[in-house]
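Please treat every number below as a calculation from the coordinates, not as lab data. Bear in mind that the values here come from a model prediction, so they are computed numbers and not experimental data. Positions of Cβ are generated from backbone atoms using ideal geometry, with glycine treated the same way; all protein chains shown enter the neighbour counts.
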Amino acid sequence: MNQIGLVMLFGLLAVACRTDLLSHRIPNPVVFAGAALGILWNGLSPYGHGWAAAFEGMGIGLAFLMPLYFLRAMSAGDVKLLAMVGSFLGPIDVIGATLATFLMGGAMAVAITLKMGVFQQMLRNLWFIVVGSAVRLASGSMPTIEYPVQPAARLPYGVAITAGTAAFVAWQRSLG
């Protein structure tokens, strides 16, 4: 992807990141317009990966986060935002961006809970979620994330998606 595509992608991610920080929401107009722009960019630009790659990237972005949405561990805006990223990056690169996003999200969760003084609560909540899911699986039920009475903190995952995508793109560009 050339500079113009990156400017479009990171401009959209900056808007999504800002609104997620301010309101814990990612607006549909941003992700839908962004996905359309990513598809058009890949389909029409001589630097794009092609129409199919844009749709495949979008589908893979959805597929990675959709299970977390069904478990109620992630909001729909986050899922759609990663699909938008996939429409720009294509099927292979969205996998790398997703893995980097998971690493950034984990690091952010630790940093935020340490700063807020609720790291121990986060560990208790994680234990509650893991044990509850294991019990559900053992009893033949589908696991769902039952949220503890006292949440440790809310993580604006749009920030993790933005940081993970930026880290992956920077790493990829440093390779040549």
Gaussian network model of the chain, Cα springs within a sub-10 Å range: biggest mean-square fluctuation belongs to which of Gly50, Gly105, Gly34?
-> Gly50
Could you sort 85-93, 73-81 so that the peptide with the highest average Cβ count within 10 Å comes first and the rest follow in order?
-> 85-93, 73-81
Can you quote the Å³ per residue value for the convex hull of the Cα atoms in the stretch 1-141, rounded to an integer?
-> 117 Å³
State, as an integer percentage, the relative contact order of the chain based on alpha-carbon contacts under 8 Å between residues 6 or more apart.
-> 25 percent
Taking a crude spin-label model, label points 7 Å out from Cα along the C-beta direction, the Ala167 to Tyr47 distance in nm is 2.5 nm
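What is the sum of charges, Lys and Arg at +1 and Asp and Glu at -1, for the other residues whose Cβ falls under 11 Å from the Cβ of Tyr157?
Once positives and negatives cancel, what remains is -1.
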The Kirkwood hydrodynamic radius of the stretch 65-146, taken as the inverse of the mean 1/r over all distinct Cα pairs, in Å, comes to 14.6 Å
Evaluate 2.2 N^0.38 Å with N set to the residue count of the stretch 1-71, then give the Cα radius of gyration divided by it.
-> 1.19
Between Ala109, Ala134, Ala36, which gets the highest mean-square fluctuation from a Gaussian network model of the chain, Cα cutoff 10 Å?
-> Ala134
Listed peptides 40-46, 160-166 by packing density, highest first (mean Cβ within 10 Å) | 160-166, 40-46
Stretched fully, the stretch from Leu68 through Arg124 gains (0.36 nm per residue minus C-alpha distance, one decimal, in nm) 18.2 nm
For the chain, what does -39500 (n - 2.57) per DSSP helix run (n ≥ 4), summed and divided by total residues, give at 222 nm, in deg cm²/dmol to the nearest 500?
-> -27500 deg cm²/dmol
Listed residues Leu37, Leu13, Leu126, most fluctuating in the chain (Gaussian network, C-alpha, under 10 Å) | Leu126
Zone reached by a paramagnetic label modelled 7 Å from Arg136 Cα along Cα→Cβ, restricted to the stretch 54-80 with backbone N below 11 Å, covers 70-73
Between the stretch 13-50 and the stretch 97-132, what's the alpha-carbon centroid distance in Å?
-> 27 Å
Compare the peptides 113-119, 57-63 by average per-residue count of other Cβ atoms within 10 angstrom and give them in order, highest first.
-> 57-63, 113-119
Reported to two decimal places, what Rg/Rh ratio describes the stretch 44-87 when computed on Cα atoms with Rh from the Kirkwood expression?
-> 1.11
